[in-house]
Amino acid sequence: MYANIFQFSLTLIVQVTMVWRYYPHLRIGWRFFDKALVSTMMGYGFFMFLHGLAGQVILFLTGWLLVRC
C-alpha cells in the first residue's frame, strides 16, 4: 500500500512539473470552471460505466449458459 502511495505521489509531482515546464502559459483557476461541461462529462462517464457493466454481465452469462447447456 505504501508503495502505491509513493508511486502515485512521485508520478503526480513529475506530471505537474512537466506541465509547468512545457506549458508555462497554462492557467488553471476557478474562473475557468464550467459546471455544464463537468455535468456532461460525468453523464458520459456514467453511461460508459453502465455500458462496460452490461458487457461484463453479457460475457459472464454467455459463458455460464454455454457451460450449463
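What follows draws every value from the coordinates through simple rules; no lab data is involved. Values in this document were obtained by computation on a predicted structure and should not be read as measured data. All Cβ positions, even for glycine, are placed from backbone atoms using ideal geometry, and neighbour counts span all protein chains on display.
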- Computed lengthening from H25 to L12, 0.36 nm per intervening residue step minus Cα-Cα distance: 2.7 nm
- Item | Low-density loop cleavage sites - chymotrypsin sites (Phe, Trp or Tyr not before Pro) in the stretch 1-45, where at most 12 other Cβ are within 10 Å (DSSP) | F33
- Query: Per-residue ellipticity at 222 nm for the chain, helices alone: DSSP H runs ≥ 4 residues times -39500 (n - 2.57), over residue total, nearest 500 deg cm²/dmol?
  - Reply: -28500 deg cm²/dmol
- Helix 35-68 vs. the chain, principal-axis angle (Cα, 0 to 90°, nearest 10): 30
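Over all distinct Cα pairs, what is the inverse of the mean 1/r for the chain, reported as the Kirkwood hydrodynamic radius in Å? List each step's numbers first, then the result.
Values: mean 1/r = 0.0600 Å⁻¹.
Kirkwood radius, the chain: 16.7 Å.
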- What nm distance separates the two modelled labels at A54 and N4, each placed 7 Å from Cα along Cα→Cβ? 3.0
